[in-house]
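Below is one structure, written out as structure tokens; comments come after it.
The values are calculated or read from the model by the stated rules, or taken from the named source; none is laboratory data. Everything numeric here is computed off the predicted structure, so don't read it as measured data. Here Cβ is always computed from backbone atoms with ideal geometry, including for glycine, and neighbour counts include all displayed protein chains. With ligands, DNA and RNA removed, areas are computed over all heavy atoms of the protein, side chains included. Shrake-Rupley method; radii C 1.70, N 1.55, O 1.52, S 1.80 Å.
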Amino acid sequence: MEKNKRDWPLWEVFIRSKQGLDHKHVGSLHASDAEMAIENARDVYTRRMEGVSIWVVESKYLHASNPDEEGALYESAKSKIYRHPTFYNIPESVGHM
Amino acid sequence: MDNIVDLEKHFQDRIDAEQRIEPKEWMPDAYRKTLIRQISQHAHSEIIGMLPERNWLTRAPSLNRKAVLLAKIQDEGGHGLYLYSAAETLGVTREDLLDDLHSGKAKYSSIFNYPTLTWADMGAIGWLVDGAAIMNQVPLCRTSYGPYARAMVRVCKEESFHQRQGYEIMMALCEGSEEQKQMAQDALNRWWWPVLMMFGPKDDASANSEMSLKWKIKRFSNDELRQRFVDMSIPQIEYLGLTVPDSELKWNAERGHYDFGEVNWNEFWEVVKGNGPCNHQRLETRKKVYEEGEWVREAALAYADKQQVLRESSQHVA
């Protein structure tokens, strides 16, 4: 039984909950190939009509930003408040803009 | 910020500020270990919990009851999956987790080591066992580790149907013949105390509680949740016209809670140690099923490898 045991690879599952919305990460599962990953995702993640479309991607192909670089990546946006519409004062009499 | 004291302080500050901790972020080793232990124990409980109910699947009293029970058991398998996946984000493999379950190193909820003797047990389990699980799990939707919290949100959404279908089974029995009502009472008598044990040892005897509360893995103590469960259950039991098997149960107006008798902690520890009525049977069934599935897992991989080779060779031709 112990002979070169290989686990089924891990897949990340993304579901589109309804037509017109983005696919959203819902969880992960093990499966031997993409076809089985989609079938299993259907069985576990859409039993209560949670989705109309499924994406699966093998977890090893998913690249993530490094949480330790949080500061370098996201701090600088904080000072750029002029990127938000509320930064600008427009008189009410101009109407909706 | 690289010395361990600073890291730990920063970590605790984030916890105190109700920030969720995500995979790959720095966390104390003990936090990681506690989570792996708790989440995997929880996952094991979900899949072992399928076994006592499986016992009644082929003997459900109607096709409708059978479909419902099947759906519930399938949910439990799904819950196991969500939780194993959450544990895997902490750097353990599924294989390791299952090995620990099969070797007896990892525990699962002691409740599943009791037998399911009659159909009424399907009612009592859904209503009380899943009810107690919900009581434990709702606060876990806000637990400090992100993937665990997200898994629990999914679990809790699905669990509510389990409790209601169980109570409905009890209602049907209690509205039936005298014999059926007796069956419901017998199930309540057998499950009531083991269900109260599901909340774990008393606070002063719970080894892991203090740190878990500090790290906001747990949100309420074992005794708090047990009290809440008793308070919630009594009106439900009264509605059914059944009797709580506890002579010390009494409303305490001063506390605004029910007083109740002492759980038999000797029995609890015996079951935890492996000496409950069904510990051996549950683990043996689990191991047997896993071993018998080995060839399926291997065959699926062999098929995937073969398809991969076929795809690659057809790409070369093209």
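Worth pointing out:
- Residue in the stretch B:131-143 that is touching a residue at least 40 places away in the same chain (Cβ under 8 Å) and either among the hydroxyl-bearing types (Ser, Thr, Tyr) or within 14 Å of chain A (Cβ to nearest Cβ) (or both) present: yes
- Qualifying residue in the stretch B:84-107 (condition: within 14 Å of chain A (Cβ to nearest Cβ), buried (at least 17 other Cβ atoms within 10 Å of the Cβ) and within 20 Å of B:Asn279 (Cβ to Cβ)): yes
- Failed item, numbered, when B:His44 is tested on (1) at pLDDT 95 or above; (2) surrounded by fewer than 21 Cβ atoms within 10 Å (Cβ to Cβ): (2)
- Here the condition is being over 22 Å from the mean Cα position of the chain (by Cα) and surrounded by 19 or more Cβ atoms within 10 Å (Cβ to Cβ); of B:Met183, B:Met170, B:Met198, it holds for B:Met183 alone.
- Residue that is nearest to the other protein chains (Cβ to nearest Cβ), among those in the stretch B:144-159 that are under 17 Å from A:Lys24 (Cα atoms) and in contact with an Asp or Glu (Cβ under 9 Å, 6 or more places away or on another chain): B:Pro147
- Comparison of B:Glu88, B:Glu8 shows that the only residue that is at pLDDT below 95, under 30 Å from A:Ala64 (Cα atoms) and among the charged types (D, E, K, R) is B:Glu8.
- Residues satisfying the stated conditions in the stretch A:35-64, i.e. more than 9 Å from chain B (Cβ to nearest Cβ), among the small types (Gly, Ala, Ser), outside any strand (DSSP E or B) and surrounded by fewer than 19 Cβ atoms within 10 Å (Cβ to Cβ): A:Ser59
- Where A:Arg83 falls short, out of the listed (1) away from chain B (no Cβ under 11 Å); (2) under 30 Å from B:Arg311 (Cα atoms): (2)
- Selection within the stretch A:8-34 - more than 9 Å from chain B (Cβ to nearest Cβ), hydroxyl-bearing (Ser, Thr, Tyr) and buried (at least 18 other Cβ atoms within 10 Å of the Cβ): none
- Those residues of the stretch B:156-210 which are polar (S, T, N, Q) and not in a helix (DSSP H, G or I), in sequence order: B:Ser177, B:Ser206, B:Asn208
- Condition broken by B:Thr34, with the remaining ones in (1) within 17 Å of the chain's Cα centre (by Cα); (2) crowded, with 21+ Cβ neighbours inside 10 Å; (3) in contact (Cβ under 8 Å) with a residue 40 or more places away in the chain satisfied: (2)
- Test: residue in the stretch B:19-31 that is at pLDDT 95 or above, away from every other protein chain (no Cβ under 14 Å) and under 25 Å from B:Pro277 (Cα atoms): no
- Check on B:Glu179, touching a helix residue (DSSP H, G or I) at 6+ places or on another chain (Cβ under 9 Å) and without any contact (Cβ under 8 Å) to a residue 12 or more places away in the chain: no
- Search result, residues across the stretch B:247-289 that are in contact with a helix residue (DSSP H, G or I) (Cβ under 7 Å, 6 or more places away or on another chain) and open to solvent by less than 30 Å² (accessible area, probe 1.4 Å): B:Val263, B:Phe268, B:Val271, B:Gly276, B:Cys278, B:Asn279, B:Arg282
- Note on the stretch A:65-80: residues that are among the basic types (Lys, Arg) and either open to solvent by less than 100 Å² (accessible area, probe 1.4 Å) or within 14 Å of chain B (Cβ to nearest Cβ) (or both) amount to 1.
- The one condition in (1) more than 30 Å from B:Met170 (Cα to Cα); (2) away from chain A (no Cβ under 14 Å); (3) open to solvent by less than 80 Å² (accessible area, probe 1.4 Å); (4) more than 22 Å from the chain's Cα centre (by Cα) that B:Ala304 fails to fulfil: (2)
- Scan of the stretch B:262-301 for residues that are basic (Lys, Arg) and more than 10 Å from every other protein chain (Cβ to nearest Cβ), ordered by number: B:Lys273, B:Arg282, B:Arg286, B:Lys287, B:Lys288
- Taken as a whole, the structure leaves B:Leu188 outside the set of residues that are out of contact with any helix residue (DSSP H, G or I) (no Cβ under 9 Å at 6 or more places or on another chain) and either more than 30 Å from B:Ala120 (Cβ to Cβ) or buried (at least 20 other Cβ atoms within 10 Å of the Cβ) (or both).
- Members of the stretch B:201-211 that are crowded, with 17+ Cβ neighbours inside 10 Å and in contact (Cβ under 8 Å) with a residue 40 or more places away in the chain: B:Pro201
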